[in-house]
Amino acid sequence: MTRAFRANGGTRNLTTRTPTKMGPLVLGRRWWSLTPRRDVGHDPDYRFSFANERTFLAWIRTALALVGGGLVVAQLLPDLSPGWARQALGALLVFLGLALAATSVVRWARNEDAMRNDLPLPPPKLPVFMAVGVGVVSAVAVFLLVFGGAR
Amino acid sequence: MTTRRPPEDERRVALRQERTALAWDRTGLGLMVAGGLFVRAAGPPYTDVRHAPGVAAMVVGGALIVLAYRRYGRLRRSATPESGGSAGMVAAVGAVTVVFSFAALLLILVRG
């Protein structure tokens with residue numbers, strides 16, 4: 001199976017074996033195949049590698065804050081009306097964190113890949129995704145507080 | 001007695017490595033705090049298997065801080081700072097965070 005890996009216009013083919021079933025080993029191999037190949041391009045300036053790494057870590061911490069916030073909301077917020085609203089808000093935040101964590105790895109790999117191949121960095125979509133996600137959660141929270149009210 | 005002043009570039013490299021190590025430390029601490037919140041949300045009894053994701057996140061967070069410290073020491077001693085050598089740590093932290101987040105989502109949906 002051939003999978004295209006795009007880095008802002010630059011396309012690279014990664015050859016992977018077609019998995020027969022979705023075991024942990026297959027999942028792990030797929031996850032690992034996201035990391036940049038070290039046999040193509042050249043090692044980027046380590047300053048940029050460090051900067052890319054720190055940016056990835058900042059996104060992971062944001063994801064962890066969202067997951068932690070979701071757990072706190074589901075646990076500590078007063079009951080809202082309807083009864084499932086508190087859990088829904090918490091689940092939304094955790095889902096946002098989950099999506100952010102998964103996307104940030106892909107983003108790090110694409111940046112590293114672009115740097116290895118002297119390509120421009122792919123356009124950042126994570127800040128938009130984050131802003132829209134948090135905006136939606138905030139809007140839902142305000143709606144629930146105004147029209148549902150705490151019990 | 002005067003001490004030799006390190007070149008400008010050398011100091012910049014050292015501070016850059018330190019910032020990166022601190023970023024790893026903060027992420028490790030974040031994982032530990034999130035793991036603690038998970039255990040708190042899962043509730044007693046605390047010996048139950050449902051706390052495993054939270055405990056695992058705390059352990060990985062602690063391990064991350066140790067690994068970051070060791071990597072920082074290795075880089076400080078190295079004459080040529082390595083490049084792109086952190087792919088394993090990045091992939092591992094990403095995978096742990098995704099799995100942990102999924103477990104947290106399940107916990108909220110199942111337990112409330």
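Annotations
- Flag if residue A:120 is over 26 Å from residue B:34 (Cα atoms) and at pLDDT 90 or above: yes
- Test: residue in region A:59-77 that is within 28 Å of residue B:28 (Cα to Cα) and outside any helix (DSSP H, G or I): yes
- Qualifying residue in region A:87-94 (condition: within 7 Å of chain B (Cβ to nearest Cβ), within 28 Å of residue B:87 (Cα to Cα) and modelled with pLDDT of 90 or more): yes
- Of all residues in region A:36-70, exactly one satisfies the criterion of being free of Cβ contacts under 8 Å to residues at least 12 places away in the same chain and more than 9 Å from every other protein chain (Cβ to nearest Cβ), namely A:39.
- Taken over region B:42-51, the residue count meeting the criterion of being open to solvent by 10 Å² or more (accessible area, probe 1.4 Å) and either in contact with a strand residue (DSSP E or B) (Cβ under 9 Å, 6 or more places away or on another chain) or touching a residue at least 24 places away in the same chain (Cβ under 8 Å) (or both) is 1.
- Every residue from region A:32-72 that is open to solvent by 30 Å² or more (accessible area, probe 1.4 Å) and either on the phi > 0 side of the Ramachandran plot or at pLDDT 90 or above (or both): A:41, A:51, A:54, A:55, A:58, A:59, A:61, A:62, A:65, A:72
- Sole residue being in contact with a Ser or Thr (Cβ under 6 Å, 6 or more places away or on another chain) and basic (Lys, Arg), chosen from A:116, A:54, A:47: A:54
- Within the option set A:140, A:134, A:105, being under 17 Å from the mean Cα position of the chain (by Cα) and more than 14 Å from every other protein chain (Cβ to nearest Cβ) holds for one residue only, A:134.
- Top-ranked residue in region B:18-37 [being more than 7 Å from chain A (Cβ to nearest Cβ) and open to solvent by 10 Å² or more (accessible area, probe 1.4 Å); ranked as nearest to residue B:59 (Cα to Cα)]: B:32
- The set of residues from region A:73-83 being more than 7 Å from every other protein chain (Cβ to nearest Cβ), within 14 Å of residue B:40 (Cα to Cα) and open to solvent by less than 40 Å² (accessible area, probe 1.4 Å) comprises just one member, A:73.
The values are calculated or read from the model by the stated rules, or taken from the named source; none is laboratory data. Here the structure is a predicted model, which is why all the values come from computation and not from measurement. Neighbour counts are summed over all protein chains in view; Cβ atoms, including those assigned to glycine, are modelled from backbone coordinates with ideal geometry. The protein model used for the area step is the full one, side chains on, heavy atoms only, and it has no ligands, DNA or RNA in it. Shrake-Rupley method; radii C 1.70, N 1.55, O 1.52, S 1.80 Å.
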